[in-house]
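Single-structure report; data block below.
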Amino acid sequence: MGLLSTGHPLSWKASQPYIREVKRKGIRQFIHVYCATKNRKDDCLRWGDEVEYTVLHVDKSRRKMSLSLRAPEILQELQKQEHSQPEGSSVEVLWRPEYANWMVEGTPGVPYRCFAGDLELVEQNMMLRRLEIFSVLEKNEIVLSITAFPLLGVGNFTSPTEPVLGPASLSLYVPDAAINPHPRFPTLTRNIRHRRGRKVDIRRPVYQDEKTDREFPVLPRCLAHQNGCSGGTNSHHSLTNSSTTDSEIEKEDMLDLEQLAKETTSDIYMDCMAFGMGCCCLQVTLQAKDMDESRYLYDQLAVFAPIMLALTGATPILKGYLLDTDSRWDIICGAVDDRTLEEMRHGPRKSRYDSIDLFVSSRKEMIPERYNDVEALLDEDSYRMLLENGVDERLAKHIAHLFIRDPLVIYEESMNAQDEHSTEHFENIQSTNWNTVRLKPPSLESNAGWRTEFRPMEVQFTDFENAAFAVFTVLVSRVIIAFDLNFYIPISLVDRNMKAAQCRDAVIQQKFYFRRNVFADNSHVPDRFKCACGRTHKPRFSSSVQECCLTACSSCSDCEPMTIDQIINGKSVDELHSNHNFAFPGLISLIRGYLDAIELPPESSVKIGNYLDFISAKAKGELLTTASWIRKFVCNHEAYRHDSVINELICYDLLKAIHDITSGKRIESELLGDFYQGNGECHEISAEMLQEMRTKVEKGPTLMASKDIFQRLHNLASLSDDALVEMEGRVSSNTEYS
Ligand code: ADP
Ligand code: MG
Ligand code: MG
């Protein structure tokens, strides 16, 4: 998670004199990178996924699961191999820390490449990750890919049990011992609170079941948890006399508590960063050909983000209650919202964790007056510096908008360091703007080019599902580029889609604004595209796709509310009322046309086709989303009293069921159809096998690229000369995707 500099982080108060300086230096660093890389051209597609995992402690005899706080130790074990690698060689999996001590993050050891065959490596690599973690767990631990532990913040939910009300978070529910010990994390937690002037205050609506209390006091239940019923150590007395009340700010937080004690609510109340940043997600990063393509992808994927948030929704429970929402997004927005009360009224519209406010592409399709239709504040100093140094207006606005946020963690050491060639101060601001998409300029330290990170997705239970969503994202990005798709709608409507995406059962209940005609040319479906391999490919589309162009442009408005089924699977003209009569091709048809055109080899077609069929079924509502499946499991559990409350037993059985689904022991056809039958091969995969598969993709018939692509691959991926010569010999018969 973000930048992990070392040193002594400053308190919020001590940071004050440096804030302006960090911003100025950060902008200078960005300008330096921009000038050095704005004309960088012809980078190959490279990409990678990130999956966050949760480590759990299992007490079989008491049928209780809790969050194991051993992630730092586990991570040390997992990283041993990486750290002992000889210079220049790589591992199959990279392990990275995350916010909470129950989380670890895994990514492929080297990014995937532009070969169609690489799409097949994803699931295998994810399986290997699970095996690697598994090998370092203790006997009573398991690992799951779930977004949120259902009893996060309820009673003794960590293993070991630790006291709450730590100085970083002052949380009534989550101990500071759950925060990653790297100084960045507790400092972020405390400084967000101090900047804000009060603790974070996250509310989410409780799902109203037959016997759910309509109204309950905010505090008593939580205090009850801490006081006795779950064996915690703090009483109300100790809260108000806590030794952490030293500073003025902390005293104010305690006053809040008195206020809270008077409130009643029908929402769940959460009071610290861990409720949000302790949630796990699935992300995909894509390297673009150049800056222009990266900015264009950024915009298109920002519009696509709410669709994927809805499809992957997996967070119907938090803090021991069924929620009336299905996803983590707004919980995290609240968990790191550092705006002061005054700023809430007159400052930035959103938390620093939220969907984007500005499209950034300078292509002609992007009409700023129409699409950038919400007010986005700019840091005026930064904006001026950027313009003066030749950054174009739209990119300058994007960066200056990121820089309205203050640096939350400043290291004493970094203020004196020589930093012209570092990007530390820029990254400080960039990496604490947690948006649905992130535009990443090339790195000065590695070979990485302009990249776009896609960040909305919630993590799924199985490697199969996570691979399917990651691969689908990559393929959507490929059709966007191949067919010059235009997804632009006003940002205000993207915001509305983000809200819709989080509603309960959003996939089947909600409509999402989407563009009626996504093709660059209003009058015809693209019949050819030139890909990075240098060849022109000719996609064949079904007649329904052809029909779309003829109907889509006859309308006054360029976008329309559609169901996710329509967006993903398409719709024909006769479905709707006559004045809304238009057809939509559906993204899957476009992907199929694309795969057909690049002549995806039959062996890859089966696997990729299965992913597409799975996503198509999810979008149709034929399969439950992860959130709906969890909700259903709870509602059918014999210990559930239809009061929206999740107890330890329900939690245990739910997590055990998820564990069994992951390992293939339990078949859940409502969730997975017959697309996935369990990880039969899981125990057979090894790093060596993966390496072999990667080499096979390189050398085998699934690859096609022109000579200059090979040369670039050679430069980037350090292929051996032999491999290069061999590949060049195969150019004509192989497949590569742009
Ligand atoms: P962050 O910490 O900001 O999330 P990282 O730089 O650690 O980002 O990389 C995250 C993801 O980017 C991983 O999935 C990784 O495989 C992928 N990645 C790394 N290098 C590249 C690259 N050159 N192009 C595209 N993706 C890359
Ligand atoms: Mg992460
Ligand atoms: Mg990331």
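The values are calculated or read from the model by the stated rules, or taken from the named source; none is laboratory data. Everything quoted here is computed from the prediction, not taken from an experiment. Positions of Cβ are generated from backbone atoms using ideal geometry, with glycine treated the same way; all protein chains shown enter the neighbour counts. SASA here: full protein model, heavy atoms, side chains in, ligands and nucleic acids out. Shrake-Rupley method; radii C 1.70, N 1.55, O 1.52, S 1.80 Å.
Whose amide H sits under 5 Å from the amide H of LEU67, counting only residues 5 or more places off or on another chain, with H placed in the peptide plane?
Amide H neighbours of LEU67, under 5 Å, 5+ apart: HIS57, THR158, SER159.
Using every pair of alpha-carbon atoms in the stretch 322-373, split the distances into 5 Å bins beginning at 0 and state the percent of pairs per bin, rounded to integers.
Whole-percent P(r) values from 0 Å outward: 4, 17, 17, 16, 15, 16, 10, 3, 1, 0.
Please calculate the 1.4 Å probe accessible area of ASP495, with all protein chains present, and give it to the nearest 10 Å².
30
If I take R0 = 25 Å and measure r between the Cβ atoms of GLU688 and ASP42 in this structure, what FRET efficiency does the formula 1/(1 + (r/R0)^6) give, to the nearest 0.05?
Numbers: r = 33 Å, r/R0 = 1.33.
Given R0 = 25 Å and the Cβ-Cβ separation, E is 0.15.
Would you mind pulling out the separation of the Cα centroids of the stretch 132-192 and the stretch 13-83, in Å?
Answer, in whole Å: 17.
Which length gain, in nm to one decimal place, applies between GLU215 and SER89 when the Cα-Cα distance is subtracted from 0.36 nm times their residue separation? Before the final figure, lay out each step's value.
Values: separation 126, 0.36 × 126 = 45.36 nm, distance 5.90 nm.
Stretched out fully, the GLU215 to SER89 stretch lengthens by 39.5 nm.
If I model a spin label at LYS80 and CYS635 as a point 7 Å from the Cα along the Cα→Cβ vector, what separation in nanometres do I get?
A separation of 4.7 nm, rounded to one decimal place.
Roll a 1.4 angstrom probe over the protein heavy atoms and tell me the percent of accessible area of the stretch 1-157 that is carbon or sulfur. Don't jump to the answer; show the numbers that get you there.
Details: 2950 of 5930 Å².
Here it works out to 50 percent.
Sequence-distant or interchain residues sharing an amide H contact under 5 Å with VAL93, placed H: which?
GLY109
Which residues in the stretch 382-404 have a backbone N closer than 12 Å to a point placed 7 Å from the Cα of ASP292 along the Cα-to-Cβ line?
none
Here are some pairs, LYS618/LYS665; LYS350/LYS511; LYS607/LYS632; LYS364/LYS440; LYS41/LYS397; which of them have Cα atoms lying more than 27 Å apart in this structure? Kindly include the intermediate steps, with their values, before the conclusion.
Numbers: LYS618/LYS665 22 Å; LYS350/LYS511 23 Å; LYS607/LYS632 29 Å; LYS364/LYS440 22 Å; LYS41/LYS397 23 Å.
Long pairs (Cα-Cα over 27 Å): LYS607/LYS632.
Write down the radius of gyration of the stretch 73-211 and its Dmax, each obtained from C-alpha positions, in Å.
18.9, 62
In the stretch 1-90, with Lys and Arg counted as +1 and Asp and Glu as -1 at Cβ, which of these residues, LEU10, SER68, LEU45, has the Cα nearest the positive end of the dipole, that is, farthest along it?
Working it through, the farthest residue towards the positive pole turns out to be LEU10.
Under the 0.36 nm per residue contour assumption, what length would be gained going from the current alpha-carbon distance of SER446 and ARG363 to full extension? Could the numbers behind the result be given before it?
Values: separation 83, 0.36 × 83 = 29.88 nm, distance 2.81 nm.
Result for the pair: 27.1 nm of gain on full extension.
Along the Cα→Cβ direction, 7 angstrom out, place labels at GLN16 and HIS346. What is the inter-label distance in nm?
Calculated label separation equals 2.0 nm.
Put ASP596, ASP59 in order of accessible area, largest first, 1.4 Å probe: what do you get?
Details: ASP596 60, ASP59 35 Å².
Result of the area sort, largest leading: ASP596, ASP59.
If you add up the charges near SER171, with Lys and Arg at +1 and Asp and Glu at -1, over every other residue whose beta carbon is less than 9 angstrom from its beta carbon, what do you get?
-1
In terms of Cα to Cα distance under 23 Å, which lysines are near enough to LYS262, apart from those fewer than 8 places away along the same chain?
Here the lysines satisfying the reach criterion relative to LYS262 are LYS199, LYS251, LYS319.
Could you sort HIS659, HIS425 by accessible area so the largest value comes first, with the probe set to 1.4 Å?
Working: HIS659 50, HIS425 5 Å².
Largest accessible area first, the list is HIS659, HIS425.
So how much accessible area does ASP613 have, in Å² to the nearest 10, using a 1.4 Å probe?
Probe radius 1.4 Å; accessible area of ASP613 about 60 Å².
Sort MET693, MET103 by heavy-atom solvent-accessible area, probe 1.4 angstrom, most to least. Mind dumping the intermediate values first?
Numbers: MET693 55, MET103 5 Å².
Final ranking, largest accessible area leading: MET693, MET103.
Return the tail of the calculated pair distribution for the stretch 42-132, meaning the percent of Cα-Cα pairs more than 17 Å apart. All intermediate terms of the calculation are to be shown ahead of the outcome.
On the way: 2354 of 4095 pairs.
Summing the P(r) of the stretch 42-132 above 17 Å gives 57 percent of all pairs.
VAL110 versus GLN208, label points 7 Å from Cα toward the beta carbon: distance in nm?
Going from the VAL110 label point to the GLN208 one covers 5.7 nm.
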